[in-house]
Amino acid sequence: MKRLLIAFAFLAAFSKSNAQEAQKPWAQLIKEEFEFAGKQYKVLAKNIAEGKTPQSFKDGKPVNYDIKWWCSGFYSGSLWNIYEQTRDESIKQEAENALKVIEPNQTFTGNHDLGFMMYCSFGNAYRLTNKPEYKSIILRSAESLSTRYRPSIKSIQSWNKSKYWNCPVIIDNMMNLEMLTWASENGGDKKYKEIAITHANTTLANHFRPDFSSYHVVDYDLETGKVKKKATWQGAADCSSWSRGQSWALYGYTLMYRFTKDQKYLKQAKGIAHFILNHPNLPADKIPFWDFDAQGIPFAKRDASAGAIIASALLELGQYTAKEEKKEFIQAAETMLHTLASPDYRAKLGENGGFLLMHSTGAYPMNSEIDVPLIYADYYYLEALARYKKWYL
């Protein structure tokens, strides 16, 4: 009974703080969030070791990683999003400096994460500056990513073979298809988009359950192309619905519809959205627990990064839907953004190591990055705010 009372007290406190944020006009809220982000990221910039990229903040200390880490592009991407809204030249300079750090990744072929690393960064930089050298780097990165394609399984191999996997493909890989399709449509080899479509189709066939939830990992036999097993690496169980995995799936099929206008991708994206939004374990504030089937709900850890990704994806999906369905998607995204903008999730200036959002979860089963800020949570939060301003104001 005591634990329930504590939970109800927390929810009541959240409702009050969230209601205060909801009272602000959207234009004001978005303007203030980007202004805050500009100031906060100047704090973050001071915590980055030379030649590294920021990842998190734990036990009062900055966590920085090597540029080959899959998240290395989110810092510069966030800076470009902040610059777009604030026109702060010092932010632009920091964004350009951050690009130089990760530029060598354009020839990296060690895993599938080139889209995260190079399109979230150089993609935003090229979109805002139109510099040809940035475009060249994106095209070179797409070529590097294409080397991970395995014709026998009709997919891009995510991780290399190990004692755990033969030829693993993870749902996260859907996010890297944006760079491939964009590259083909902007002067790159046509094979990039063909690979992206083939990969999306294979994932559609093998990663999903009838209720539109996704497995995290599908392991293939590289010789026969057959599925060896369906499992998880970061979720609660092989049969569970890891929250960030569902967000990658939602975002991935939404963007594939954007590029192809193939109705089966739109149907899949809408099905995933309904699975998420109608799930009995989705909290009222719509920020998911780290897994929809996590033990200990409603006391399980949340994942603000999943909430930010879902919000951004729903806002785009709302562009391709109509009437009540569109209203449902946009209102859910609004609730998520108001929640993330509230003091329950958004840090105070100078705190949280310079990161914007608190309470993300990286890999709970490995006791890694639990209830901490994560750079990609910030990235998709800023992207969602910018999308709302562009499409719905």
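The values are calculated or read from the model by the stated rules, or taken from the named source; none is laboratory data. This one's a predicted model, so the numbers in the text were calculated from it and none came from an experiment. Note: ideal-geometry Cβ built from the backbone for every residue, glycine included; neighbour counts use all protein chains shown. We work out accessible area using only protein heavy atoms, side chains counted, and drop any ligands, DNA or RNA first. Shrake-Rupley method; radii C 1.70, N 1.55, O 1.52, S 1.80 Å.
Go through (1) open to solvent by 50 Å² or more (accessible area, probe 1.4 Å); (2) closer than 19 Å to residue 393 by Cβ and name the single condition residue 299 misses.
Residue 299 satisfies every listed condition except (2).
Which of (1) in contact (Cβ under 8 Å) with a residue 40 or more places away in the chain; (2) part of a loop (DSSP other than H, G, I, E, B); (3) among the hydrophobic types (A, V, I, L, M, F, W, C) does residue 300 not meet, given it meets every other one?
Failed condition: (1).
Here is a list: 363, 386. Which entry is under 16 Å from residue 243 (Cα atoms) and open to solvent by less than 50 Å² (accessible area, probe 1.4 Å)?
363
Could you please let me know if residue 339 is free of Cβ contacts under 8 Å to residues at least 60 places away in the same chain, hydroxyl-bearing (Ser, Thr, Tyr) and touching a Lys or Arg at 6+ places or on another chain (Cβ under 7 Å)? Let's see the steps before the verdict.
Values: free of Cβ contacts under 8 Å to residues at least 60 places away in the same chain: no; hydroxyl-bearing (Ser, Thr, Tyr): yes; touching a Lys or Arg at 6+ places or on another chain (Cβ under 7 Å): yes.
Here the answer is no, as residue 339 does not meet what is asked.
Can you give me the number of residues within region 147-176 that are surrounded by 21 or more Cβ atoms within 10 Å (Cβ to Cβ) and more than 18 Å from residue 215 (Cα to Cα)?
Going through region 147-176 one residue at a time, the tally reaches 1.
Not acidic (Asp, Glu) and not in a helix (DSSP H, G or I): is that true of residue 225 in this structure?
Yes: the conditions hold for residue 225.
Please go through region 132-167 and pick out each residue that is in contact with a His (Cβ under 6 Å, 6 or more places away or on another chain) and assigned to a loop (DSSP other than H, G, I, E, B).
Listed by number, the residues that qualify are 148, 158.
Filter region 330-360 down to residues that are out of contact with any Ser or Thr (no Cβ under 8 Å at 6 or more places or on another chain) and of a type in the set (D, E, K, R) and give me whichever is most open to solvent (accessible area, probe 1.4 Å).
348
Out of all the residues in region 36-82, which are among the β-branched types (Val, Ile, Thr) and either part of a loop (DSSP other than H, G, I, E, B) or open to solvent by 20 Å² or more (accessible area, probe 1.4 Å) (or both)?
If the condition is that a residue be among the β-branched types (Val, Ile, Thr) and either part of a loop (DSSP other than H, G, I, E, B) or open to solvent by 20 Å² or more (accessible area, probe 1.4 Å) (or both), then 43, 48, 63, 67 are the ones that fit.
So, in region 228-278, of the ones that are outside any loop (DSSP other than H, G, I, E, B), of a type in the set (Lys, Arg) and under 23 Å from residue 325 (Cα atoms), which residue ends up least open to solvent (accessible area, probe 1.4 Å)?
244
Which condition does residue 85 not pass, out of (1) touching a residue at least 40 places away in the same chain (Cβ under 8 Å); (2) surrounded by 16 or more Cβ atoms within 10 Å (Cβ to Cβ); (3) closer than 21 Å to residue 353 by Cβ, if it passes all the others?
Failed condition: (3).
Only residues in region 344-357 that are at pLDDT below 95 count as the first member; pair them with residues that are open to solvent by less than 10 Å² (accessible area, probe 1.4 Å) and among the β-branched types (Val, Ile, Thr), Cβ under 7 angstrom, at least 6 apart or cross-chain, and list the lot.
none
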